[in-house]
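Student: Below are the structure tokens for one structure; questions will follow.
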Amino acid sequence: MTDDISRRRFAVALASTGIGIGLAGCGGGGASTESPTETATPTESGGGSGDSFEQTDTVDMNDELAFAPKQIEVEAGTTVTWENVGSIGHSVTAYEDEIPEDAEYFASGGFDSQQAAVDAYPDEGNVTEGGTYEHTFETTGEYEYYCIPHEMNGMVGTVRVV
Ligand SMILES: [Cu+2]
């Protein structure tokens, strides 16, 4: 009788010890992710207010997780080309609520809504190394857009159509 109880206690003690060891093992391992500690460095434009628009119809997407230049200005009817000059995949995705009222929605992959673009990424709409995406801007105004996987890294841009 007593023998039975003590055996059970022993088993419980073993079990909790096992859990303790398991947790310790978990915490100790798995911390070997190589994290490139490159913080985003917005130093390229000399740290201005960000209100400078470059007159160009070509935007690079690079491994610094940025659109370069970040803000461009083109005339209505211009076809803008985004080119991935790095090796990390990006998207060009308009903010549906931050384009001119009567403008056509645009996103790499050819989606007609932001939600559709987000839902399909990265199976569709991913611009890979050396790839390009083009869009022709017919309506004047400002268009804000972003890269789906790197929005949190500040990968956003603006096209101003005049
Ligand atoms: Cu990106």
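Student: Report every pair of residues separated by at least 6 positions or lying on different chains whose Cβ atoms are under 6 Å apart, first residue within the range 137-154 and under 18 Å from Val127 (Cα atoms), second of a type outside the set (Phe, Trp, Tyr) and within 8 Å of the ligand (Cβ to nearest atom).
Tutor: From the range 137-154, the pairs are Cys147/His90; Cys147/Ser91; Cys147/Met155; Ile148/Ser91; His150/Leu65; Asn153/Leu65.
Student: So is Asp57 away from the ligand (no atom under 16 Å from the Cβ), on the phi < 0 side of the Ramachandran plot and free of Cβ contacts under 8 Å to residues at least 12 places away in the same chain or not?
Tutor: For Asp57, the condition - away from the ligand (no atom under 16 Å from the Cβ), on the phi < 0 side of the Ramachandran plot and free of Cβ contacts under 8 Å to residues at least 12 places away in the same chain - is not met.
Student: (1) buried (at least 16 other Cβ atoms within 10 Å of the Cβ); (2) touching a residue at least 60 places away in the same chain (Cβ under 8 Å); (3) within 11 Å of the ligand (Cβ to nearest atom): which one isn't true of Ser91, the others all being true?
Tutor: Just one mismatch for Ser91, condition (2).
Student: Just the residues that are surrounded by fewer than 18 Cβ atoms within 10 Å (Cβ to Cβ), at negative phi and more than 11 Å from the ligand (Cβ to nearest atom), please, taken from the range 129-157.
Tutor: If the condition is that a residue be surrounded by fewer than 18 Cβ atoms within 10 Å (Cβ to Cβ), at negative phi and more than 11 Å from the ligand (Cβ to nearest atom), then Glu129, Gly131, Thr132, Glu134, Thr136, Glu138, Thr139, Thr140, Glu142, Glu144 are the ones that fit.
Student: Quick check, is Gly46 at pLDDT 95 or above and assigned to a loop (DSSP other than H, G, I, E, B)?
Tutor: For Gly46, the condition - at pLDDT 95 or above and assigned to a loop (DSSP other than H, G, I, E, B) - is not met.
The values are calculated or read from the model by the stated rules, or taken from the named source; none is laboratory data. As the structure is a prediction and not an experimental result, all values here were calculated from the model. For neighbour counting, all protein chains shown are included, and Cβ atoms are generated from backbone atoms with ideal geometry for every residue, glycine included.
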